[in-house]
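The values are calculated or read from the model by the stated rules, or taken from the named source; none is laboratory data. As the structure is a computational prediction, the values presented were derived from the model and not from experiment. Every residue, glycine among them, receives a Cβ derived from its backbone with ideal geometry; neighbour counts consider all protein chains shown. Only protein heavy atoms, including side chains, enter the accessible area calculation; ligands, DNA and RNA are left aside. Shrake-Rupley method; radii C 1.70, N 1.55, O 1.52, S 1.80 Å.
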Amino acid sequence: MEENLKYWLSQPPTFTTFRINMLKKFNSRIIQEFLEDQAKVLKAIMIPKFYNLSPDCLILEQWSSDVELKQTGKIVIVDALCAAAVLRGAHVFAPGVLGLPSNYRLNDVVDIYGDLEGHCKRGLKINYEGKKVYVGMGFLKMHRHDLFDNGIQPNGIAVHTILPASKLPIVNETISAKGDLVLQNLPSVVCGWVLNAQPYEYILDMCAAPGNKTTHMAEMSNNQAFIWALDKTPQKTEKIRKNCETQGVTCVNVFAFDSTKCCSEDSQDINCGPPFPLNSFGKVLLDAPCSGLGQRPQLIDKLNPKTINSYKFLQRKLFTEAVKVLKVGGTLVYSTCTITVDENEGMVVWALEKFRNLKLVPAEPLHGGSGLIDTGLNNEQRAMVQRFGPDNDPLRPTELLYNNSIGFFIAKFIKLN
């Protein structure tokens, strides 16, 4: 992997994206007031810039350089996943804490460090000597015995983050009425724009959990599309149902079902649920299970090459079912949150060779960069897909905002016959 890409993946985006629920009424004054309160705590001269990229998308930028991170020497060790979340603007939740000395008091300002090697043993009392990275500062909200000594799996906020090392504001969905705001990566929002759900369309979301794209489609259609959302387990589909309920979405039918088997020639009625008949849906979203190598920041990477290589075979099975259930003239949107060629441009090449009745079309609106060169796509085809990453290909130069989110890929197809 190129050093430039490795470095980019190790850093958090410099902004936070919220999707605004267009079925509800959101007042941006809430964010203004929330940031003004935070500014008093941080002694900041100005609040971070925030603005609507579109009516359903809100961008929130970093604190300015006058906001300082002052380390106290009181160290809390968290796992790498928790550390990455802190850098994205999250609090530290109890399950993520690995090490905490016993002499710290509630509301002490502590330095939050992430364990980069996975060697810190849970319950460590002294400062961890292994490789670690500073990710922010916050108020301690749980004693050591609450976290490790009572034999019960703890939950709740263990450290109330004041300021991450990334200087992203600590703003989450709870600042407004339930369901008004959804934390969602910018390319994921773009994916919804590409599918462009409209009222009364029949739409299948094949791998839908936790439901952010599902609810976005529902809201884009003014809650009037007919959407079927599938995922493999009841635990995952429960998350979809909960998100729909929270956001006031009622046009989604949710099923726990394996989408690699979602089409059957014996099925007669789409309304009976999966498996579905051939040519059932006008639009299909395949946001495929993937290696997830586009997520940022990546503080550690535990995936081995064999595991990464295995995803394309699952993606091909899902894609084959997507083509079967798609109506002639219908739209198929394929997306991943990874950076590998096999799972992105390679999938487009495979699909166009395998399914002669598919036509690649521009995945508009085109905000991401073009597909990578020397991957089997010609320049015309590279210009039709969207790849989000650090590179800026002269084939389609992109704005810095879209170059600095997560790694993501979007392709759009039409079924000809």
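In the stretch 274-308, how many residues are over 18 Å from the mean Cα position of the chain (by Cα), modelled with pLDDT under 95 and of a type outside the set (Val, Ile, Thr)?
Of the stretch 274-308, the ones over 18 Å from the mean Cα position of the chain (by Cα) are 274-284, 302-308.
Within this subset, residues satisfying the condition of being modelled with pLDDT under 95 are 302-308.
Checking the rest, the ones that are also of a type outside the set (Val, Ile, Thr) come to 302-306.
Of the residues in the stretch 274-308, 5 are over 18 Å from the mean Cα position of the chain (by Cα), modelled with pLDDT under 95 and of a type outside the set (Val, Ile, Thr).
Looking at the stretch 345-364, can you tell me whether even one residue there is in a loop (DSSP other than H, G, I, E, B), touching a Leu at 6+ places or on another chain (Cβ under 8 Å) and open to solvent by less than 20 Å² (accessible area, probe 1.4 Å)? There is no residue in the stretch 345-364 that is in a loop (DSSP other than H, G, I, E, B), touching a Leu at 6+ places or on another chain (Cβ under 8 Å) and open to solvent by less than 20 Å² (accessible area, probe 1.4 Å).
Given the condition in contact with a strand residue (DSSP E or B) (Cβ under 7 Å, 6 or more places away or on another chain), outside any helix (DSSP H, G or I) and more than 30 Å from Tyr7 (Cα to Cα), answer yes or no: does some residue in the stretch 318-327 qualify? Yes, because at least one residue in the stretch 318-327 is in contact with a strand residue (DSSP E or B) (Cβ under 7 Å, 6 or more places away or on another chain), outside any helix (DSSP H, G or I) and more than 30 Å from Tyr7 (Cα to Cα).
No other residue among Val97, Val76 is more than 17 Å from Glu173 (Cα to Cα) and touching a Phe, Trp or Tyr at 6+ places or on another chain (Cβ under 8 Å) apart from Val76.
Any residue in the stretch 247-263 that is under 20 Å from the mean Cα position of the chain (by Cα), surrounded by fewer than 22 Cβ atoms within 10 Å (Cβ to Cβ) and at pLDDT 95 or above? So far as the stretch 247-263 goes, no, none of its residues is under 20 Å from the mean Cα position of the chain (by Cα), surrounded by fewer than 22 Cβ atoms within 10 Å (Cβ to Cβ) and at pLDDT 95 or above.
Condition check: of a type outside the set (Val, Ile, Thr) and either farther than 26 Å from Phe26 by Cα or buried (at least 21 other Cβ atoms within 10 Å of the Cβ) (or both). Does Glu173 satisfy that? Answer is no for this residue. So is Gly329 modelled with pLDDT of 95 or more and surrounded by fewer than 21 Cβ atoms within 10 Å (Cβ to Cβ) or not? The answer is yes for Gly329.
Taking first residues from the stretch 10-35 that are touching a residue at least 40 places away in the same chain (Cβ under 8 Å) and partners that are hydroxyl-bearing (Ser, Thr, Tyr), the Cβ contacts under 7 Å between residues at least 6 apart in sequence or on separate chains come to Pro12/Ser166; Pro13/Ser405; Phe26/Ser176; Ile30/Ser176.
So that you can scan it fast, the table gives a plain yes or no per residue for (1) aromatic (Phe, Trp, Tyr); (2) open to solvent by less than 20 Å² (accessible area, probe 1.4 Å); (3) within 26 Å of Glu219 (Cα to Cα):
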site: Leu9; (1), (2), (3): no, yes, no
site: Lys40; (1), (2), (3): no, no, no
site: Ser54; (1), (2), (3): no, no, yes
site: Cys57; (1), (2), (3): no, yes, yes
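Residues in the stretch 258-287 that are free of Cβ contacts under 8 Å to residues at least 40 places away in the same chain, out of contact with any helix residue (DSSP H, G or I) (no Cβ under 7 Å at 6 or more places or on another chain) and of a type outside the set (S, T, N, Q): Asp258, Glu265, Asp266, Asp269, Cys272.
Among residues of the stretch 355-369 being charged (D, E, K, R) and touching a strand residue (DSSP E or B) at 6+ places or on another chain (Cβ under 9 Å), the one that is farthest from Leu332 (Cα to Cα) is Glu364. Mind listing whichever residues of the stretch 90-115 are in a loop (DSSP other than H, G, I, E, B), buried (at least 16 other Cβ atoms within 10 Å of the Cβ) and either modelled with pLDDT of 95 or more or under 25 Å from the mean Cα position of the chain (by Cα) (or both)? Across the stretch 90-115, the qualifying residues are Ala90, His91.
The number of residues in the stretch 59-89 that are in contact with a Pro (Cβ under 7 Å, 6 or more places away or on another chain) and open to solvent by less than 20 Å² (accessible area, probe 1.4 Å) comes to 6. Among residues of the stretch 165-176 that are farther than 10 Å from Trp63 by Cβ and touching a residue at least 12 places away in the same chain (Cβ under 8 Å), those with a beta-carbon under 7 Å from a residue that is aliphatic (A, V, I, L, M) and buried (at least 18 other Cβ atoms within 10 Å of the Cβ) at least six positions away or on a different chain give the pairs Ala165/Leu87; Ala165/Val135; Val171/Ile31; Val171/Leu60; Glu173/Leu181; Glu173/Val182; Ile175/Ile31.
Between Met220, Met206, the distinction of being of a type in the set (A, V, I, L, M), within 17 Å of Leu286 (Cα to Cα) and in contact (Cβ under 8 Å) with a residue 60 or more places away in the chain belongs to Met206 only.
Results for (1) open to solvent by 30 Å² or more (accessible area, probe 1.4 Å); (2) under 28 Å from Leu58 (Cα atoms); (3) outside any strand (DSSP E or B), shown as yes or no for each residue.
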position	(1), (2), (3)
Ser335	no, yes, no
Gly376	yes, no, yes
Glu380	yes, no, yes
Asp393	yes, yes, yes
Lys412	yes, yes, no
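The residue that is modelled with the lowest pLDDT, among those in the stretch 370-391 that are in contact with a helix residue (DSSP H, G or I) (Cβ under 6 Å, 6 or more places away or on another chain) and not aliphatic (A, V, I, L, M), is Pro390.
Does Asn417 satisfy being surrounded by fewer than 13 Cβ atoms within 10 Å (Cβ to Cβ), touching a strand residue (DSSP E or B) at 6+ places or on another chain (Cβ under 6 Å) and of a type outside the set (Val, Ile, Thr)? Spelling it out, Asn417 is indeed surrounded by fewer than 13 Cβ atoms within 10 Å (Cβ to Cβ), touching a strand residue (DSSP E or B) at 6+ places or on another chain (Cβ under 6 Å) and of a type outside the set (Val, Ile, Thr). Scanning the stretch 326-351 for residues that are charged (D, E, K, R) and within 22 Å of the chain's Cα centre (by Cα) turns up Asp342, Glu343, Glu345.
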